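The values are calculated or read from the model by the stated rules, or taken from the named source; none is laboratory data. From a predicted model like this one, the values you see are computed outputs, not experimental measurements. Quick reminder, even Gly has a Cβ in these numbers, built from the backbone with ideal geometry, and neighbours come from all protein chains shown.
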């Protein structure tokens, strides 16, 4: 244990504490230094306040200590301590700051003499845990929708009535089989184990509830016996333990496949509430209807959209005919435009050709002059030379002159160079 710090780390020798600070620091030191522990003593000055809290003292021959047990804890105790009772209390140390009173905060009390039972309980618990009887990996799942539920308990127990009432309320369609057995008294543990073995052998239920109502540790001790633990471990049927109150723990709770706080809680864990299942079914039905309606609406919208796009064959033929007429009109216009272009181009070419036509030049008063040449070879006559320069001819040269209309033969008389 580490050495407690009585003052804040930033305190100095000259620091002066208030009484409230001192009591708060003392309380913190006490609570940190003493873990949860057991203490025994004789009850004195017991008072039950209007709030439901218990105030009393525990004493022995030489000392006493004040104790408080709050309502949230003492409500689970099945007896009220009386003056002079010898009890054992599980508590923590604290300090009531308002008065500076050293006191114990009690979490649980039991009649004195149960220490040996607790020792036996812890010893068997450690043994079975070492053997793996508590291992979660070997726990069987509890069926969510059982057809038949078995109950191991006393036929006269109030716990049985609670379980049956709860099962009937949650799901009246479930079949219930009771495996009767004493749950308290000498030899009860062997009888409980026998009932569990009987349920295992008959194999007629889907889930087996092992239960009894609350009581003292001695009352519940039959469910801490090894023979019961072995029977539960050997049982092939999923088991639920519902023994005692919420604060009660037995070996049976650790070995069973599931532990319930009370017999009623065991019945609630054993089957689903039919009203919840009906609500779930209704919700699923509503969701399915919504989904179906949504898909139908989507399909109808898609069908409407496709219907608007759908064109009848007659309409398609009319549309095609209209398109053909439009194309024919466009083709006619294009041909006319191209014809006009080609006609215009032809006119320009014709005009250009006309301008280059020698006859057109001759019509304006010009003439073509050729010089006559000798034909030494009749098979290869020399063509007449076109005269474009006076240097090409000589006096006495014979010329052939072509006019716009007709031609004439001439003889050169004289030659003049240059253009005059």
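Points worth noting:
- Scanning the stretch 221-238 for residues that are in contact (Cβ under 8 Å) with a residue 60 or more places away in the chain and touching a strand residue (DSSP E or B) at 6+ places or on another chain (Cβ under 8 Å) yields 237, 238.
- Candidates in the stretch 19-60 are the residues that are in a loop (DSSP other than H, G, I, E, B) and modelled with pLDDT under 90; of these, the one that is farthest from the chain's Cα centre (by Cα) is 34.
- Tally of residues being over 20 Å from residue 413 (Cβ atoms) and at pLDDT 80 or above across the stretch 375-401: 1
- Considering the stretch 145-187, and only residues there that are part of a strand (DSSP E or B) and under 18 Å from residue 260 (Cα atoms), the residue that is farthest from the chain's Cα centre (by Cα) turns out to be 153.
- Hey, residue 84 assigned to a loop (DSSP other than H, G, I, E, B) and surrounded by fewer than 18 Cβ atoms within 10 Å (Cβ to Cβ) or not: yes
- Taken together, the residues in the stretch 389-416 that are out of contact with any strand residue (DSSP E or B) (no Cβ under 8 Å at 6 or more places or on another chain) and closer than 28 Å to residue 357 by Cα amount to 7.
- A Cβ distance below 8 Å, combined with a sequence gap of six or more or placement on separate chains, defines the contacts here; from the stretch 113-140, residues that are on the phi > 0 side of the Ramachandran plot and modelled with pLDDT of 90 or more reach residues that are in a helix (DSSP H, G or I) and surrounded by fewer than 13 Cβ atoms within 10 Å (Cβ to Cβ) in the pairs 132/138.
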